[in-house]
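Okay, so here's the structure we're looking at.
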Amino acid sequence: MQLFAILTALFALLAGRVLALEIAINIGDLGSIPATQFLDVSDSALQVACGSQCTSANETIAACTDDNCLCTNATMKAILQCEQCMFSTLIAENRPMPDPLAGNQILLTNYTAACLSGVNVTVPASLATLMTPDNWDGPFGQGLTPATTAITLIAALLVGGGAIAVVNTM
């Protein structure tokens, strides 16, 4: 009976250690989020699109038994792949971020800050930076050629000059 009590206490201590990992990420209104929960997004479309990457990242985090493990290159690579998938999916679908935990650069920045302050591990920037997809054409910009710029300025001058003339003749 004593052996059972000792084994139960040992198991509880070890399980408590896994659940008490000190890396916590501060995200605006959400406050402090433990590392074991910060990849849990509520958007079902993102869960489907990025299920394999995020499941792998969550398994990597769950396998960690100390805070140093949470900040290793392998863990950061898995986290980055999950966040990058969500970020790319949101861009491809042209949707706003439905959840502050989905494809968020600030999340990765805060995670690396927690690694630095919590366990004094500097995460390489390449493992904490989201990249725009190669096929992204960016925001649409209306560009004017020199000829259309000249025509626009002449039209504005005529309209402005006419308005001034009308005001002066009153």
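Every number in this text was worked out from the coordinates using simple rules, so none of it is lab data. Worth saying up front: this structure is predicted, and the values here are computed from it rather than measured. Reconstructed Cβ throughout: ideal geometry from the backbone, glycine too, with neighbour counts over all protein chains shown.
A few notes on this one:
- 5 angstrom amide H check on Ile33, placed H, neighbours 5+ away: Ile25, Asn26, Ile27
- Theoretical gain in end-to-end length, Asp134 to Val159 [0.36 nm per residue, Cα-Cα removed]: 4.6 nm
- Amide proton proximity set for Val41, modelled H, under 5 Å, gap of 5+: none
- Burial ranking of peptide ranges 31-41, 102-112 (average Cβ count within 10 Å, highest at the top): 102-112, 31-41
- Burial order of peptide ranges 48-56, 145-153 (average beta-carbon count within 10 Å, highest first): 48-56, 145-153
- Value of relative contact order over the stretch 22-133, rounded to a whole percent, pairs C-alpha under 8 Å and six or more apart: 32 percent
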